[in-house]
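Asks: Supplied in structure tokens, the structure appears directly below.
Bear in mind that the values in this text are calculations on the coordinates, not laboratory data. The shown structure was predicted, so the numbers you read here are calculated from the model rather than taken from an experiment. Cβ sites come from the backbone with ideal geometry, for glycine too, and all protein chains shown count toward neighbours.
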Amino acid sequence: MSGQLSLFSVEDDAPAVADVEGLLLGGGALVRRTEAVRISAVVDCGWRAESLRVALGDRGLGGELGTPVDGRCSVRSAFDPRLLDTARRWTSGAVVRVPAGFRLSPARLRLWAMAGGYADHAGYQLRLGATDEQLWEAAGAALAAVGIPGAFLGARAGGPAYRIVGARRLARLRELVGRPPQDFNDGDWPS
């Protein structure tokens, strides 16, 4: 990590369809039809679901909430042809993978934090999809590339997730993800 502060954060860019790639790191899924794709994620109901619904809408992808089950609900976009490129780059058959050259932008990181970021006793965790093992290493490399390397937590340690620790790294994470979403739960956003 360089000693120079970044002047870029999530507030600097207009919402873009490609931002939803952050959801794929946090366990999101793509559903493909012939001419269009939908992205969805299962999250805790409440502020996470509503924030993601709004974020999808801000990107012109619609956004709807599924029926809550056991304190969790799905958030999904409408089927949209603009997501075809994302599906082509991120999937190989039924396998989701991080495409070559992927960069974790502030907006992508923000959506990942909305879907599965939690404060814990040591720092801040960014959860990964439990069955997306092929993404885990690349997600860690993407975090390190933006100056917030994390420690990988396996299932026995409460993961899969990356834990960000240290004042500098947490400050960098806060800088990149920006202000907390409306009505967020204390402890669920980097502070």
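Asks: Inside the range 170-185, can you point out the residues that are in contact with a Pro (Cβ under 8 Å, 6 or more places away or on another chain) and either part of a helix (DSSP H, G or I) or of a type in the set (D, E, K, R) (or both)?
Replies: Residues satisfying the conditions are Leu170, Leu173, Arg174, Leu176, Val177.
Asks: Now for a separate question. Arg89 fails exactly one of the following numbered conditions: (1) touching a residue at least 40 places away in the same chain (Cβ under 8 Å); (2) out of contact with any helix residue (DSSP H, G or I) (no Cβ under 7 Å at 6 or more places or on another chain). What is the number of that condition?
Replies: (1)
Asks: Go over the candidates Ala130, Ala122 one by one and state the one that is closer than 17 Å to Arg169 by Cα and either part of a loop (DSSP other than H, G, I, E, B) or touching a Cys at 6+ places or on another chain (Cβ under 7 Å) (or both).
Replies: Ala122
Asks: Just name the residue that is surrounded by the fewest Cβ atoms within 10 Å (Cβ to Cβ) out of those in the range 136-171 that are in contact with a strand residue (DSSP E or B) (Cβ under 9 Å, 6 or more places away or on another chain) and under 15 Å from Arg108 (Cα atoms).
Replies: Among those that are in contact with a strand residue (DSSP E or B) (Cβ under 9 Å, 6 or more places away or on another chain) and under 15 Å from Arg108 (Cα atoms), it is Gly140.
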